[in-house]
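Structure first, then comments.
Computed from the coordinates by the stated procedures, all read-outs in this text should not be read as laboratory data. Everything quoted here is computed from the prediction, not taken from an experiment. In this analysis, Cβ positions are derived from the backbone assuming ideal geometry, glycine residues included, and neighbour counts consider all displayed protein chains.
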Amino acid sequence: MSISPDTSLPPGLAPLEAGDPPVIGPYRSVGRIGAGGMGAVYGALDVYESCVAVKTVHADIAREPRFREAFVREVEMLGRADGVSTARLHAADTGAEVPWLAFDYVAGRDLRAHVREFGPLAGGMLRTFSLGMAEGLAALHAAGIAHRDIKPGNVILSPDGPKIVDFGIAVEIGTDCAMDASASYGTPGWTAPERYSGAVADPSADVFAWGGLVTLAATGREPFGKGDAKELARRVKAGEYDVDGVPEDLLGLVRAALSIDPKQRPSSQALVRALMPVSAEETQNQYGRPSAAADSLRGMLRDYWRGVDDAGHDPGRWAAALGVASVVGLGASALSSGVVGAGAMGSGGAAGSGAGAGTAGAGTTAAGSGAVTAGGSAASTATGGMMSGIATSKLGLAGAGVLALAGLAAGGFVVYDQVRVTPGETVAAAVNILEESEGFTAQVAHSFSQAHAEQVAEGTGASVERVMEDSLVEEEYLYSAADQTFLIRGAAMGEGSTAVANHQGDLYVYARGEEGGWPRPEQIEPDPSVGPDSVAVTLVTDPLRALAEMGEAEAVEGQERVYTGPTVFGLLDAGAFVETEASARVELDAEGAPLWAEYTTDEREVRIDFEESDTGVPMEDPQLWALDNNLYWDVVHAPMCGSIVSGWPAQQEWDVQASSWDMDCDQAMDVAGVVADSSGQEDRVVFLFGRFSRGTTRAIDETVACGQGWTLNASEEPNPTEDAAPLLPCRPITNFAEPTEASPEFYDADIVPIILIDFHVRP
């Protein structure tokens, strides 16, 4: 079956392909909405000729028990969402060979698009929107669901009212981040501050986003403004929001919802009570739960919801494309063949349908079929999100594990696969692959742009080619999630530096040393712009995330899986972290992971080639790596652990630096204490025959060799600065040997020429 998109195929649908099912459960396929590695989403008609989206999972994936189990859990969770303003499941068959679920097509624009085209909401419209969003969240939270991705793109303003969609990263309330594959996901500027520190899934994070939605709806501005992901996260965590223009009757609730402290935010139920025109306790439904919120919302939609159209949606075109003259025959055929789901609710959503569309019967379960139907709604609804528990696996991210909103050519919207839907969403999935991977290695090269090289050449008299050649910097990025380490091999920290690393949250910088360990390279104090966060996986992922989130990413015509667009790019350049606007190009592999990325700024051109992705990357102390490669690297910046007072003949205060990845500060200070004063600890200290370039060497615990040099100046009245004998670095020792007859006073040992602990004169 194939339908020409130029004639009868509705906007937003691609022709069905060979092997696509003409019928899925009780639904007739009209065309393809999207497809990914895990399955496909089809535009279809139900037995009432209502437009629905049906998502399928490939049979080979469904045969894996963990995928099937995750699918069942997701369907069960979605089936509990029953608010007027929440997206709800239409029907699903979790037991089919090819599992599927159906959800409604929602006609309308997302909140941002509506405000951009028609301006902010006001008066009764704004209060109805505010109540609708609160009612939707309250319904989710009462069902034990935390949405976790409330944002303008996941709110549709349909003729029937505002709708919350996309359950791609929704989880059970209280899910610990350690058991939550999507715990780190969210949209900067809309993600609550506590989620940056690993908070469990909690309704208060959704309430935080409610405050942002109402701000945008009332003012046309996002509460935390525009900016890159890092800046937005900073503003969110600092509580730097702008709510000027929010009406006084809503301002208090919005400010409380945007509180940094989740305990200070109102609950979604409290928001509903504050926004309702009548008390929620006045009426109860047959199940004993308050129904006044839903009734009041329907009344407000009827009285105030105006000026919201269906964005050009015409369900009649779907039926025309399918060539449907009557649904009676197909409905009977479907039912006679044992397909269950004819009682599932239709989407409504036709032009001018308004609020208060009809409802369908109660949900039913078909014996033996595994089909579940969710019934009943007074408005057209939509649902998204399937298998979110596996959405962060490489396969899930590269395929279709997360559902999101996408605009159709005719202006309607439908919830469907995030991956391979828009270029921005595809790049965002690639970012998740990198951040959730075991590790990766990448080769990085950057040099002056042609235009900047020409400027430099003109000012220096050198040739452009020479300037380009001299500006070239080549580095290697290595990331290991297991070791919590991001390492750059190269001169990222300026001339003479050889590597920089963020190891378990601490910053280490290395420079080339001499084979004998003397003279030592000078210590450096990193530029104020550089910290552990500057040397992290975000150095690679932040530009890609900005490309995805700035909303201007495009697929490059004629180049499969290549995307381009503006971004904000950060680079360690000559020891400083520099961030600037850039244009980006990135190519993804067949599984959705980045192959390479290119960035062009006014001054630089950067190329990152990923050699290994999603693999365990062996990570070792750069000093050891250098030794294995016949190099000698000294540590010129590492964590300072404390200070000691030691020296002869004068006393001097020394800072203690833990210079090896295997030496934590507790160990370093313990050894340093023995270096400072070994009295009473003779059982831990022996003199060694092996020496450094000057002074004496002592072994501590037969594992660490620490030295003390000769005095710098032998004056009669010792000067603490000039006469204190320097403390030399502590290094590991191997092959510890007992004294010999030739040297009965000394032990012998092989001293490995890397630094475990270093001592620096305290200023």
Ranked packing of 112-120, 44-52, 130-138, most packed first, by mean Cβ within 10 Å: 130-138, 44-52, 112-120
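Counting other Cβ atoms within 10 Å of each Cβ, which GluC sites (Glu not before Pro) in region 444-516 have at most 15 and sit in a DSSP loop?
Glu495, Glu514, Glu515
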Amide H proximity to Leu728 below 5 Å, modelled H, separation 5+ or other chain, gives Gly707, Gln708, Gly709
Net charge near Ser678 (other residues with Cβ under 11 Å of its Cβ; Lys, Arg +1; Asp, Glu -1) is -1
What is the extension gain from Glu682 to Ala555, computed as 0.36 nm multiplied by their sequence separation minus the C-alpha to C-alpha distance, in nm to one decimal? 38.7 nm
Once Ala270 and Ala445 are pulled to full extension, the length gained, defined as 0.36 nm per residue separation minus their Cα-Cα distance, is 57.5 nm
Could you tell me which of rounded, prolate or oblate describes region 566-633, using a ≥ b ≥ c as the square roots of the eigenvalues of the alpha-carbon gyration tensor, with rounded for a/c under 1.5 and, failing that, prolate when a/b is larger than b/c and oblate otherwise? oblate
In Hz, Karplus ³J(HN,Hα) per residue of region 698-704 (6.51, -1.76, 1.60; θ = phi - 60°; x = Gly, Pro): 10, 9, 10, 6, 6, 10, 10
Using square roots of five times the C-alpha gyration tensor eigenvalues, list the equivalent-ellipsoid semi-axes of region 438-613 in whole Å, biggest first. 28, 23, 14
Per-residue ³J(HN,Hα) for region 557-571, Karplus 6.51 cos²θ - 1.76 cosθ + 1.60, θ = phi - 60°, Hz, x for Gly and Pro: 4, x, 10, 5, 6, 10, 10, 9, x, x, 7, 10, 10, x, 8
Per-residue HN-Hα couplings for region 134-141 [Karplus 6.51, -1.76, 1.60; θ = phi - 60°; Hz; x = Gly/Pro]: 5, 4, x, 5, 4, 5, 5, 5
Sort 668-681, 297-310 for me by packing, meaning the mean count of neighbouring Cβ atoms within 10 Å per residue, highest on top. 297-310, 668-681
How much length, in nm to one decimal, is gained on full extension between Asp242 and Arg762, taken as 0.36 nm per residue of separation minus their Cα-Cα distance? 182.6 nm
Considering amide H positions built from the backbone, and no H for Pro or chain starts, which residues 5 or more places from Gly31, or on another chain, come under 5 Å of its amide H? Gly43
What is the set of long-range amide H partners of Gly239 at a cut-off below 5 Å, with H atoms built 1.01 Å from backbone N? none
